[in-house]
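Computed from the coordinates by the stated procedures, all read-outs in this text should not be read as laboratory data. No experiment lies behind these values; they were computed from the predicted model shown. A quick note on method: Cβ atoms are made from the backbone with ideal geometry, for glycine too, and the neighbour counts reach across all protein chains shown.
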Amino acid sequence: MISEYLSSLKAVSGMKGRSGLVNAGIAAGLVAAISLSSTREALADPNDAVMTMDNGQTLATDVKPAADHPLEHLYSGWRFRTSETQTLQLDDFENPGFPAVDTGEALWSEVDGSEGKSCASCHDDASTSMKGVRAVYPKWNAALNRPHTMETQINECRTTRMGAEKWKWEATQMLAMTAYVGLQSRGSAVNVNISEGDMATWNAKGKELYYSRVGQLNMSCANCHEENYGNMIRADHLSQGHINGFPTYRLKWAGLGSIHRRFKGCMKNIRAKPFKRGSDEFTALEVYLAARGNGLTVETPAVRN
């Protein structure tokens with residue numbers, strides 16, 4: 001079968017003009033997808049490392065999902081990383097995401113805006129008030145009639161309670177604050193509630209996006225992270241694509257990045273036009289993926305390739 005598609009790729013690659021390039025890209029994507037699928041039986045299993053932090057806390061990286069889940073086991077993306085990368089995450093002193101956490105801690109008590117308030121003015125000690133918060137986001141907001149992500153919740157607090165300006169989605173301050181708030185939930189089981197408000201509709205939209213093939217390579221999220229997790233794609237060991245470690249420090253980025261940045265990068269990889277950070281589409285996809293990972297523990301800030 002693969003040889004037949006290679007022949008197809010050779011044929012279309014000889015076509016002239018833009019249509020030939022597009023067709024060649026589609027054929028290449030089909031070859032890649034079929035090549036991955038053909039070796040599904042020979043998956044490299046996630047390694048059997050145990051995630052025990054330097055403070056002795058052990059986090060769940062292999063959990064049994066609900067009976068109707070498409071996966072038999074949920075594995076943290078950490079289990080698919082090299083031992084060197086895993087070790088970076090286990091030690092808070094070595095974890096390259098922690099300088100951002102320190103910045104977030106400073107911002108927590110920094111007064112900003114016309115109301116003369118800081119985050120601490122309302123929420124006091126983050127280690128208490130923010131414990132478990134990351135684990136339940138995205139979360140339904142009745143006043144807005146839509147889910148709040150961590151980013152939109154932070155910006156609502158800044159604008160309505162502090163009288164301060166919004167932070168951009170990928171701003172240094174936003175990444176630092178989501179990392180700091182997320183850290184307070186490290187070890188808490190992800191428990192996103194899709195029965196509240198209209199979350200089920202957003203979850204369904206996210207699921208549709210997850211399984212929809214898009215881009216010149218005609219691929220979906222599921223092609224990599226459900227059908228082929230454990231396989232190698234170039235030099236990367238494909239994970240199940242769970243988002244319980246965001247914002248995540250990626251060695252490729254040399255810095256922290258949000259969930260929506262990762263979504264955008266994946267869409268670019270399959271030659272699709274990405275949605276915008278904070279868009280309804282990416283928010284719906286975040287709802288679905290967060291709920292899909294219910295039971296895994298928050299790892300923020302995780303370290304990945």
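Key figures for this structure:
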{"quantity": "For Arg146, residues with placed amide H under 5 Å, excluding near neighbours", "calculated": "Asn141"}
{"quantity": "Solution diffusion estimate, µm²/s, Stokes-Einstein, the range 226-300, Kirkwood Rh from C-alpha pairs, 4 °C, viscosity 1.567 mPa s", "calculated": "97"}
{"quantity": "Highest average packing first - 139-145, 183-189, Cβ atoms within 10 Å", "calculated": "183-189, 139-145"}
{"quantity": "C-alpha long axis of helix 17-38 to longest principal axis of the chain, angle in °", "calculated": "80"}
{"quantity": "Angle in degrees between helix 199-211 and the longest Cα principal axis of the chain, rounded to the nearest 10", "calculated": "30"}
{"quantity": "Crossing angle, helix 280-292 versus the chain [Cα axis fit, 0-90 degrees, rounded to tens]", "calculated": "90"}
{"quantity": "Among 159-166, 213-220, the order from most to least packed when residues are scored by Cβ within 10 Å on average", "calculated": "213-220, 159-166"}
{"quantity": "Extent along principal axes [Cα atoms of the chain; Å; largest to smallest]", "calculated": "67, 41, 37"}
{"quantity": "222 nm mean residue ellipticity, helices alone, for the chain (DSSP H n ≥ 4; -39,500 (n - 2.57); rounded to 500)", "calculated": "-12000 deg cm²/dmol"}
